[in-house]
Amino acid sequence: MSTKALIAKAKRPPKFKSRVVRRCELSGRSRSVYRKFRINRNMLRKLALEGKIPGMRKASW
């Protein structure tokens, strides 16, 4: 889990565009965040397996 200060800092508008920090909306994690869903890979997998993300399912080939 990230600290409350880092989450609050990420929510503020940045001074420059390139300083945007993308964090997971659910856990606050800063790494491996999917821009389309705004959640990290662990939460994405969990929600996809629960069927809470429409159109997404486990791949099989």
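Give the residue, chosen from Lys36, Lys46, that is in a loop (DSSP other than H, G, I, E, B) and basic (Lys, Arg). Lay out the reasoning, then the answer.
Working: Lys46 fails: in a loop (DSSP other than H, G, I, E, B).
Answer to the selection: Lys36.
Scan Ala48, Ala5, Ala10 and give me the residue that is surrounded by 10 or more Cβ atoms within 10 Å (Cβ to Cβ) and at pLDDT below 90.
Values: Ala48 fails: at pLDDT below 90; Ala5 fails: surrounded by 10 or more Cβ atoms within 10 Å (Cβ to Cβ).
Residue meeting the stated conditions: Ala10.
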Selection from the stretch 35-45 of residues more than 21 Å from Ala5 (Cβ to Cβ), open to solvent by 100 Å² or more (accessible area, probe 1.4 Å) and touching a residue at least 12 places away in the same chain (Cβ under 8 Å) yields Arg35
Can you tell me which residue among Ser27, Ser32 is of a type in the set (S, T, N, Q), without any contact (Cβ under 8 Å) to a residue 40 or more places away in the chain and at positive phi? Ser32
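The values are calculated or read from the model by the stated rules, or taken from the named source; none is laboratory data. Note that the structure is predicted; figures quoted are calculated from it, not measured. For neighbour counting, all protein chains shown are included, and Cβ atoms are generated from backbone atoms with ideal geometry for every residue, glycine included. Heads up: the accessible areas ignore ligands, DNA and RNA and are worked out on the full protein's heavy atoms, side chains in. Shrake-Rupley method; radii C 1.70, N 1.55, O 1.52, S 1.80 Å.
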